[in-house]
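Each value in this text was obtained by applying a stated rule to the coordinates, not by laboratory testing. Since the model is a prediction, treat every value here as computed from it, not as a measurement. Note that we place each Cβ from the backbone using ideal geometry, even for glycine, and neighbour counts take in every protein chain shown.
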Amino acid sequence: MRYLVISDIHGNITALDAVLDTAEGQFDKIWCLGDVVGYGPSPNECVERLNEYEHAAIAGNHDWAVLDKLDVDEFNLNARFAVLWTQNQLTAENRAYLDNLPLYIIEEDIFTLVHGSPRHPIWEYILYPKVAQLNFKHFETPYCFVGHTHSPVIYAEAQTSGICETIIPETETFVQKLNARRLIINPGSVGQPRDGDARASYGILNTNSMEFTLHRVAYDVEAVQKLMQANDFPAKLWNRLAFGY
């Protein structure tokens, strides 16, 4: 089976379509790790595009926030603007879709899918190996896919006591073999990368070869920026797209 592994689309249909077009024919099903909406100008289109494909999706913190499942005051001013704006845009059908997303999913008995972390699925950021190492105790499968940080990274559980190994993909197409070591894998963000690379980030998991391949694809950032400007989004939200931060 081949899975397109994506996360943090954040209402960016242009980036999502670039990923889907580039990955066409390379996957059988989509795994979406949360935050379909928030930050970007096309929340309904992103939900509807996902629903054109066979997929499994989980809830992210922005998905919850637009449903008032999280206190919007917990967000910074720019994120809060995007949450409130998105609330006014979502159709009833797409709101219901987000409301039905689970906190986590286990696929094929060996893959756990969460947004933030297995310990705190909605909100915790796995930004450091120490945090990653603690989280290995909170899922039972060999592999866990997470999003939320908007930066691609892989953590390999420490073989003995100590801190897990951090693997940062630095090549154009990075391949991680899935073997005896337990892994936490973050495919990065489709709609708002924050690792200094403005291109959309996604992964392809092949369970026949047991390989995860990370990819980057450019999209029309300027078109998204213009749409955000037309809807009076704060400048930081559209400026950052060009720089991947």
Report the residues of region 137-171 in range of a label on residue 218: point 7 Å along Cα→C-beta, backbone N strictly under 19 Å from it. 171
Based on the Cα gyration tensor of region 1-103, what are the three equivalent ellipsoid semi-axes, each the root of five times an eigenvalue, rounded to whole Å and given largest first? 24, 13, 12
Cα-centre dipole for the chain with unit charges at Cβ (Lys and Arg positive, Asp and Glu negative), debye to 20: 620 debye
For the chain, the Debye formula with one identical point scatterer on each Cα and no solvent gives log10 I(q)/I(0) at q = 0.17 Å⁻¹ as -1.27
Most exposed first, judged by fewest Cβ atoms within 10 angstrom, 117, 161, 201 run 161, 117, 201
Simple spin-label model, 7 Å along Cα-to-Cβ: residue 119 to residue 242 in nm? 3.9 nm
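Among the chymotrypsin sites (Phe, Trp or Tyr not before Pro) within region 113-150, which fall in a DSSP loop and have no more than 16 other Cβ atoms within 10 Å of their own Cβ? Before the final figure, lay out the partial values.
On the way: sites: 123, 125, 136, 139, 143, 145; in loops: 123, 125, 139.
Within region 113-150, the qualifying chymotrypsin sites (Phe, Trp or Tyr not before Pro) (loop, at most 16 other Cβ atoms within 10 Å) are 123, 125.
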Given a 10 angstrom Cα cut-off, can you work out which residue in 77, 67, 205 is the most mobile in a GNM of the chain? 77
